[in-house]
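What follows is calculated from the coordinates using simple rules that are stated; it is not laboratory data. Keep in mind that what you see is a predicted model, and the values were worked out from it rather than measured. Here the Cβ positions follow ideal geometry from the backbone for every residue, glycine too, while neighbour counts run over all protein chains shown.
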Amino acid sequence: MIDPWGTRDRYNWSDGSVTIVQAYQIDASAPPPQSADTISRVSQELLSGTATDGTNVTVVFVNEGAYEADPVTYRVDPTLDDTNPNNDNSNYATRDHIVSLAPNSTPETVAHEGGHVLVGGARNDYYDPKFDDSGNKIGTEARPGHENTLMGDLGGSTNSQQVDDFLGARADRTFDCELATFSCTRR
Ligand SMILES: [Zn+2]
C-alpha cells in the first residue's frame, strides 16, 4: 500500500528502544534550501528523543527516493516566507507526499515539518497564535511546557510529549529486532 506520507518503518529493539525510519527524496526541479545531508542530520538531531514512558526513540530520515516506492518529497516554494508571522504562509507539509519550504526556511523548520510527516500530517503543533494589543497577529508562541522545543517554537529538539506523538503514529512496516544478532523480523 502507498502511504500518503512516504514509507515509514518502525524497528522495536530488544532493549526497548525504537528506531523510526522515514524515506524522503529531493525534488530535483525545485530543490529545497537545505541539502539532503542537512535534512538527514537536523531531522535526526532534533526529532529523536525520549518518550514519556522512557522509550528512547531515534528518528532517521533517509534520502532513498530512488528505490523506495513512496518517499516524501522536499521542495522549495518561492511564494512562501518563513519569517511571515502568519504561519499559514510560511512552510507546509501537504497531503501529496510533499513538504514545501520557503526559500528562507531554516534547518529547524525542515525538522519541524518532518515532525508532521512522522505523524502522517496530523496536527501535532504545540503553539498558539500571538496577537498584539490591537488584535493583529504578530506570530506564534509555544504552549506551556513546550517552550524551546521543535514543535512548540522551533527553539530546540522535541520533548517527551512530542516524541509520544511519533510513537503513536502508524508505521507502514514494523519490525521486531534483536540487538545481539542485529536481526529483524517483520510483524
Ligand atoms: Zn507545524
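What order do you get for 72, 119, 110 when you list them from fewest to most C-beta neighbours inside 10 Å?
119, 110, 72
Compute the Kirkwood hydrodynamic radius of the range 83-175, taking the inverse of the mean of 1/r over all pairs of distinct Cα atoms, and give it in Å to one decimal.
Across the range 83-175, the inverse of the average 1/r is 14.1 Å.
Calculate the tail of P(r) for the chain: the fraction of all Cα-Cα distances greater than 20 Å, expressed in %.
54 percent
Relative contact order for the range 8-186 using alpha-carbon pairs under 8 Å, separation at least 6, rounded to a whole percent?
26 percent
Between residue 180 and residue 29, what is the spin-label point distance in nm, taking each point 7 Å from the Cα along the Cα→C-beta axis?
That separation, rounded to one decimal, is 5.3 nm.
Calculate the dipole size of the chain relative to its Cα centre from +1 charges on Lys and Arg beta carbons and -1 charges on Asp and Glu beta carbons; express the result in debye to the nearest 20. Numbers along the way, then the final one.
Working: 13 positive and 29 negative charges, 88 e Å.
Charge dipole of the chain: 420 debye, to the nearest 20.
Using Cβ counts within 10 Å as a stand-in for footprinting exposure, how do 166, 61, 131, 175 rank, fewest first? Each step should come with its number before you reach the end.
On the way: 166 24, 61 27, 131 11, 175 17.
Listed from fewest to most nearby Cβ atoms, that is 131, 175, 166, 61.
Within 10 Å of each residue's Cβ, count the other Cβ atoms and sort 7, 19 from fewest upward.
19, 7
Have a look at the DSSP beta bridges in the chain and tell me what percent are antiparallel, nearest 5.
Just about 50 percent of them are antiparallel.
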